[in-house]
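Derivation of every value follows stated rules applied to the coordinates shown; laboratory data play no part. Just so we're clear, the structure is a prediction, and the values are computed from it rather than from any experiment. Here Cβ is always computed from backbone atoms with ideal geometry, including for glycine, and neighbour counts include all displayed protein chains.
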Amino acid sequence: SQKIEQNSEALNIQEGKTATLTCNYTNYSPAYLQWYRQDPGRGPVFLLLIRENEKEKRKERLKVTFDTTLKQSLFHITASQPADSATYLCALGVWIYNQGGKLIFGQGTELSVKP
Amino acid sequence: IAGITQAPTSQILAAGRRMTLRCTQDMRHNAMYWYRQDLGLGLRLIHYSNTAGTTGKGEVPDGYSVSRANTDDFPLTLASAVPSQTSVYFCASSDSFRQSSIGYTFGSGTRLTVV
């Protein structure tokens, strides 16, 4: 069956450290992978996209890696701050026959950065 | 309006009643989507529309219907609400699958409780 799995446990880290979140998938062949941030009571907000032929993408303190052999993406936040506390969602961009392109979401990982 | 507007923000609905959740975007995006978000299950696609005049079923379409009469509006209707439809509903839009470098834009959500 097709699955997307993110760290099910909440991640608690100290301010200034690097947070690393994991997204694993099975039986999908994504054209790209996206990461979103979601704050309580709000809709997800797009952060980064990495395509299937890219290994790494950076944006300010964020870094995403994508290993299509391992079927895994890692999302890093360096020099983390309490304001980074949120739920982070990974999403696979897949092409579905007769439907077109779709985003399939993982269940999210809650990150808490302590001062 | 900037982005996606959803209404209402929250609603308590008696089982068996009909309800329409409204979604309007001002970005002229071709594609629009309805997701529901439940604890532990993440975001699941209900219905989608790749362009005005067309709609399709997502992962969990039963009990829901949509229409896309124009580019901007994508209402979601529950014909006869049941308690299992208690959830947070998010509307989203994107320009196109292949040009999704800016990701999906989400609304703030509608929190629906069916009693």
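I need to check one value: relative contact order of chain B, counting alpha carbon pairs closer than 8 Å and at least 6 residues apart, in percent.
Relative contact order of chain B: 35 percent.
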- Query: Can you give the net charge of the other residues whose Cβ lies under 9 Å from the Cβ of B:GLN25, counting K and R as +1 and D and E as -1?
  - Reply: -2
- Item | Contour excess over end-to-end distance, with Cα ends at B:SER65 and B:LEU39 and 0.36 nm allotted per residue | 7.1 nm
- D for chain B, whole µm²/s, Stokes-Einstein with Kirkwood Rh over alpha-carbon pairs at 20 °C and 1.002 mPa s: what number? 152 µm²/s
- Springs between alpha-carbon atoms under 10 Å, Gaussian network over chain B: tell me which of B:SER80, B:SER93, B:SER49 tops the mean-square fluctuations. B:SER80
- Query: Tell me, what does the Kirkwood hydrodynamic radius of the range A:1-65 come to in angstroms if you use every pair of distinct C-alpha atoms?
  - Reply: 13.8 Å
- Starting at 0 and stepping by 10 Å, how many percent of the alpha carbon pairs of the protein assembly as shown end up in each bin? 8, 33, 35, 20, 5, 0
- Whole-Hz ³J(HN,Hα) from phi, Karplus 6.51 cos²θ - 1.76 cosθ + 1.60, for the range A:56-63, glycine and proline x: 8, 9, 10, 8, 6, 8, 9, 9
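With Cβ to Cβ distances under 10 Å as the rule, what net charge do the other residues near B:SER80 carry (K, R +1; D, E -1)?
Here the charged neighbours net out to +2.
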